[in-house]
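One structure below.
The values are calculated or read from the model by the stated rules, or taken from the named source; none is laboratory data. What you are looking at is a predicted structure, and each value in this text was computed from that prediction instead of being measured. Because the Cβ atoms are built from the backbone with ideal geometry, glycine has one as well, and the counts that use them run over all protein chains shown.
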């Protein structure tokens, strides 16, 4: 056991949220520039602990040690961007001159934002709501997955070091029932949830008797399309990484690939060759670039998908024996590439959240678009091509929250992070991210009587 925390009961959790509401009353009146200074100091304090934070990530959820520092860098990038645009995003909106009147729209904070963050990217998911919520003048109660309890604590410690007033940001370790009780209670004003589709339904149900907003980033089955004109070598390198980084446990990781049949053989051969170079093992060992999945049950779920697909006619192109750490009944799972797949197989339609990808040949753009859209999810999708006009035209037809060209599995904080269908609703990051964490208030002042 690396770390363990007692769970907070419902009465204590309610007291914490009530304290956050009281703290909100003062924090909302703090000027944006002062909030920015405190949040910037907090980011500085967080970055100063990158080495320790990275090691803790590896211990808590199994990401290779060489990759874990990237999460701290991503936290910093997103936090500093959202701090930097806050003054403009929160500024009064002048709706134009009208004789005898002053008219404006002001964005006001909501109150208490309840952020529920997952284990797979514990800092990158939390920062999307925590920093802009605080910058907008809200108080925040942060609940991380029981898999990564230290992450919430490290964020709170950084903000305490930055001078954030007491109770404006609090960490809560609690079970699902307590969390749902808070959402249904009187003191939470917005829920920022990242997790499963089932979890999203539970959040919505808990909030159903109240008129509060819920931002939901849920599942994904993100596709990629490699056109005949693509730089195939570049596509291989990017898509192998997009499929297997973090053991495939990425909300926007690539889980299915459609390749124009003219380049399909070359793409598959190169993809398999590069995949064989991965080293599965102890995430704390140097040279390991594929760690265990979060637990044995998650690994067994993916094994089941693969076995079912192979039983239905798919071919597995990687031999698990080439990855000695792979052992049934453990979280250690070798990467897998499947061909001869189709959409009757779960592995091509049901979220895997593990190191497996199916690759299909297609005859052209129309077939690729139809297959990419044949999914209950729509978080991101990607295309590899040298034709920008074609990428834009095809992107207009694909049902997704983010459309990439010649890259994947990345969040640009200047762009809205959102999903469609079962991938959720709402928006974080970018200037638009501030709109979900505030409410508009109109001022209609008659100045000439």
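For the list (1) in contact with a strand residue (DSSP E or B) (Cβ under 8 Å, 6 or more places away or on another chain); (2) part of a loop (DSSP other than H, G, I, E, B); (3) crowded, with 16+ Cβ neighbours inside 10 Å, I need the number of the one condition that residue 8 fails.
(1)
Among the listed residues 199, 185, which satisfies the condition of being touching a helix residue (DSSP H, G or I) at 6+ places or on another chain (Cβ under 9 Å), farther than 30 Å from residue 354 by Cα and in the same structural domain as residue 430 (by TED's automatic domain parsing)?
Values: 199 fails: farther than 30 Å from residue 354 by Cα.
So the residue among 199, 185 that is touching a helix residue (DSSP H, G or I) at 6+ places or on another chain (Cβ under 9 Å), farther than 30 Å from residue 354 by Cα and in the same structural domain as residue 430 (by TED's automatic domain parsing) is 185.
If I go through region 177-196 residue by residue, how many of them are touching a strand residue (DSSP E or B) at 6+ places or on another chain (Cβ under 8 Å) and either assigned to a helix (DSSP H, G or I) or modelled with pLDDT under 95 (or both)?
From region 177-196, those touching a strand residue (DSSP E or B) at 6+ places or on another chain (Cβ under 8 Å) are 179, 182-183, 187-195; that's our starting set.
Adding the requirement that they be either assigned to a helix (DSSP H, G or I) or modelled with pLDDT under 95 (or both) leaves 179, 182-183.
Qualifying residue count, region 177-196: 3.
Which residue, of 392, 445, is in contact (Cβ under 8 Å) with a residue 24 or more places away in the chain, loosely packed, with under 15 Cβ neighbours inside 10 Å and not in a loop (DSSP other than H, G, I, E, B)?
Details: 392 fails: in contact (Cβ under 8 Å) with a residue 24 or more places away in the chain.
Among 392, 445, only 445 is in contact (Cβ under 8 Å) with a residue 24 or more places away in the chain, loosely packed, with under 15 Cβ neighbours inside 10 Å and not in a loop (DSSP other than H, G, I, E, B).
Yes or no, residue by residue, for (1) assigned to a loop (DSSP other than H, G, I, E, B); (2) touching a helix residue (DSSP H, G or I) at 6+ places or on another chain (Cβ under 7 Å); (3) touching a residue at least 60 places away in the same chain (Cβ under 8 Å); (4) surrounded by fewer than 18 Cβ atoms within 10 Å (Cβ to Cβ):
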residue	(1), (2), (3), (4)
44	no, no, yes, yes
47	no, yes, no, yes
53	no, yes, yes, no
56	no, yes, yes, no
63	yes, yes, yes, no
66	yes, no, yes, yes
73	no, no, no, yes
76	no, yes, no, yes
88	no, no, yes, yes
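Restricting to region 354-366, and then to whatever is in a loop (DSSP other than H, G, I, E, B) and crowded, with 18+ Cβ neighbours inside 10 Å, can you tell me which residue is farthest from the chain's Cα centre (by Cα)?
Applying the filter and picking the extreme gives 355.
So for region 214-233 (the condition being in the same structural domain as residue 428 (by TED's automatic domain parsing), surrounded by fewer than 24 Cβ atoms within 10 Å (Cβ to Cβ) and part of a helix (DSSP H, G or I)), does at least one residue qualify?
no
Quick one: which residue in 369, 398 is modelled with pLDDT of 95 or more, more than 30 Å from residue 295 (Cα to Cα) and part of a helix (DSSP H, G or I)?
Details: 398 fails: part of a helix (DSSP H, G or I).
After applying the criteria, what remains is 369.
Looking at region 267-278, which of the residues that are touching a residue at least 24 places away in the same chain (Cβ under 8 Å) and assigned to a loop (DSSP other than H, G, I, E, B) is nearest to residue 119 (Cα to Cα)?
Step one: of region 267-278, the residues touching a residue at least 24 places away in the same chain (Cβ under 8 Å) are 267-268, 270-272, 274-276, 278.
Checking which are assigned to a loop (DSSP other than H, G, I, E, B) leaves us with 276, 278.
Values: 276: 27, 278: 23 Å.
Among residues in region 267-278 that are touching a residue at least 24 places away in the same chain (Cβ under 8 Å) and assigned to a loop (DSSP other than H, G, I, E, B), the one nearest to residue 119 (Cα to Cα) is 278.
Looking only at region 206-231, count how many residues are within 16 Å of residue 391 (Cα to Cα) and touching a helix residue (DSSP H, G or I) at 6+ places or on another chain (Cβ under 9 Å). Outline the logic, then answer.
Filtering region 206-231 down to residues within 16 Å of residue 391 (Cα to Cα) leaves 223-231.
With touching a helix residue (DSSP H, G or I) at 6+ places or on another chain (Cβ under 9 Å) added as a condition, the list becomes 223-227, 229-230.
Going through region 206-231 one residue at a time, the tally reaches 7.
Could we say that residue 166 is at pLDDT 95 or above, assigned to a loop (DSSP other than H, G, I, E, B) and not assigned by TED's automatic domain parsing to the domain that holds residue 360 here?
Numbers: at pLDDT 95 or above: yes; assigned to a loop (DSSP other than H, G, I, E, B): yes; not assigned by TED's automatic domain parsing to the domain that holds residue 360: yes.
Yes: the conditions hold for residue 166.
Which residue, of 385, 380, 428, is modelled with pLDDT of 95 or more, assigned by TED's automatic domain parsing to the domain that holds residue 63 and surrounded by 15 or more Cβ atoms within 10 Å (Cβ to Cβ)? Outline the logic, then answer.
Values: 385 fails: assigned by TED's automatic domain parsing to the domain that holds residue 63; 380 fails: assigned by TED's automatic domain parsing to the domain that holds residue 63.
Answer to the check: 428.
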